[in-house]
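Dropping a structure here in structure tokens format, bear with me for questions.
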Amino acid sequence: MSTARCDCKQLEKELDAFHRGDLSDDQTEALRRHLAECRHCACIERHEQAFLERLRTMGKTGCCPEALKARVLKQCAEEARET
């Protein structure tokens, strides 16, 4: 069993990767333990999960205007280049 730890700042940095399933087993386990212990981060994670689910639903129904989708994708690409 892993002894890896996760704190609030680390969770904030790794939450997207957690939702995508991109973390190692140890990282995922540490993040889940932190979520079980930290009400603040658990709340953030629930809101993020609900937001992502809403985005998936919108994508399936096509209710996102194309102009908005283009702006969001452009902004994401710009942010990715900056990191």
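The values are calculated or read from the model by the stated rules, or taken from the named source; none is laboratory data. If you're wondering where the values come from, they're calculated on a predicted model, not measured in any experiment. Note: ideal-geometry Cβ built from the backbone for every residue, glycine included; neighbour counts use all protein chains shown.
Tally time: how many residues in the stretch 17-38 are part of a helix (DSSP H, G or I), within 16 Å of the chain's Cα centre (by Cα) and surrounded by 12 or more Cβ atoms within 10 Å (Cβ to Cβ)? If you could, list the steps in order and put the result at the bottom.
Looking only at the stretch 17-38, we keep the residues that are part of a helix (DSSP H, G or I), and these are 17-20, 25-37.
Imposing the further condition that a residue be within 16 Å of the chain's Cα centre (by Cα) reduces the set to 17-20, 27-32, 34-35.
Of the ones still in play, those that are also surrounded by 12 or more Cβ atoms within 10 Å (Cβ to Cβ) are 17-19, 27-32, 34-35.
Total satisfying the criteria: 11.
From the list Leu35, Leu31, Leu15, pick out the single residue that is among the aliphatic types (A, V, I, L, M) and closer than 19 Å to Ala80 by Cβ.
Working: Leu35 fails: closer than 19 Å to Ala80 by Cβ; Leu31 fails: closer than 19 Å to Ala80 by Cβ.
Leu15 is the lone residue from the list that is among the aliphatic types (A, V, I, L, M) and closer than 19 Å to Ala80 by Cβ.
Using beta carbons and a limit of 9 Å, which pairs, at least six apart or on different chains, have the first residue in the stretch 21-42 and over 11 Å from Cys6 (Cα atoms) and the second one in a helix (DSSP H, G or I) and β-branched (Val, Ile, Thr)?
Gly21/Thr28
Please determine, by comparing only the residues of the stretch 43-57 that are surrounded by 13 or more Cβ atoms within 10 Å (Cβ to Cβ) and hydrophobic (A, V, I, L, M, F, W, C), which one is nearest to Cys6 (Cα to Cα). Write out each step before concluding.
At the first step, the residues of the stretch 43-57 found to be surrounded by 13 or more Cβ atoms within 10 Å (Cβ to Cβ) are 44-45, 48-49, 52.
Filter once more, keeping what is hydrophobic (A, V, I, L, M, F, W, C): 44, 52.
Details: Ile44: 15, Leu52: 22 Å.
If we take residues in the stretch 43-57 being surrounded by 13 or more Cβ atoms within 10 Å (Cβ to Cβ) and hydrophobic (A, V, I, L, M, F, W, C), then Ile44 is nearest to Cys6 (Cα to Cα).
For the stretch 64-78, check the following and say yes or no: at least one residue is in a helix (DSSP H, G or I) and either in contact with a helix residue (DSSP H, G or I) (Cβ under 8 Å, 6 or more places away or on another chain) or of a type in the set (Phe, Trp, Tyr) (or both). Let's see the steps before the verdict.
Step one: list which residues in the stretch 64-78 are in a helix (DSSP H, G or I), which gives 66-78.
Add one more test, that the residue is either in contact with a helix residue (DSSP H, G or I) (Cβ under 8 Å, 6 or more places away or on another chain) or of a type in the set (Phe, Trp, Tyr) (or both), and what stays is none.
Within the stretch 64-78 (the criterion being in a helix (DSSP H, G or I) and either in contact with a helix residue (DSSP H, G or I) (Cβ under 8 Å, 6 or more places away or on another chain) or of a type in the set (Phe, Trp, Tyr) (or both)), the answer is no, since none of the residues qualifies.
Pull out all pairs, ordered by first then second residue, where Cβ-Cβ is under 7 Å, the residues are six or more apart or on different chains, the first lies in the stretch 71-83 and is under 18 Å from Lys13 (Cα atoms) and surrounded by 10 or more Cβ atoms within 10 Å (Cβ to Cβ), and the second is modelled with pLDDT of 80 or more and among the aromatic types (Phe, Trp, Tyr).
Cβ pairs passing all conditions: none.
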